[in-house]
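The values are calculated or read from the model by the stated rules, or taken from the named source; none is laboratory data. None of these values were measured; they are calculated from a predicted model. Quick reminder, even Gly has a Cβ in these numbers, built from the backbone with ideal geometry, and neighbours come from all protein chains shown.
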Amino acid sequence: MSFKFKGIEHIQLAAPLQSEKQARQFFSELLEMEEIEKPETLKQNGGVWFRCGKQEIHIGIEKDFSPAKKAHPGLVVENINKLKDLLIQNNIKIIEDNRLPGYNRFYVNDPFGNRLEFLEKL
């Protein structure tokens, strides 16, 4: 019997202890992602979850945190230039990258140093 992948339900990024407020400011307030309430059984772990289209981004708390410098989620965006302008206005450093044919894309680091890729199909 074979199996078939249906998609990605969520990705998890790590963050340092006590960083939930910063995560909310960046992902919810700045990027306008909806915060999702964590199940009661997982609240004790800390962290915060957000909806990103049909998928979710989970910010998990790590005691010995180290940001993901190369590994990253690729987030599909509509009106990517408006997002870029918003990030620049909020002093978020944009890392331009035009090496993927057929896409407009760039990278930023979240408040914890994790790499995020934003892309829009041309």
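Data overview
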| quantity | calculated |
| --- | --- |
| Any hit, region 23-34, residues being surrounded by fewer than 15 Cβ atoms within 10 Å (Cβ to Cβ), over 22 Å from residue 88 (Cα atoms) and not charged (D, E, K, R) | no |
| Within region 79-98, considering residues that are in contact with a strand residue (DSSP E or B) (Cβ under 7 Å, 6 or more places away or on another chain) and among the aliphatic types (A, V, I, L, M), the one surrounded by the most Cβ atoms within 10 Å (Cβ to Cβ) | 83 |
| Cβ-Cβ under 8 Å pairs, at least 6 apart or on other chains, region 63-80 side of a type in the set (Lys, Arg), far side assigned to a loop (DSSP other than H, G, I, E, B) | 63/17; 69/113 |
| Any hit, region 2-19, residues being assigned to a loop (DSSP other than H, G, I, E, B), among the β-branched types (Val, Ile, Thr) and surrounded by 14 or more Cβ atoms within 10 Å (Cβ to Cβ) | no |
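For every residue, the table says whether it meets (1) at pLDDT 95 or above; (2) closer than 17 Å to residue 10 by Cα; (3) of a type in the set (Phe, Trp, Tyr).
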{"position": "49", "(1), (2), (3)": "yes, yes, yes"}
{"position": "72", "(1), (2), (3)": "yes, yes, no"}
{"position": "81", "(1), (2), (3)": "yes, no, no"}
{"position": "92", "(1), (2), (3)": "yes, no, no"}
{"position": "117", "(1), (2), (3)": "yes, yes, no"}
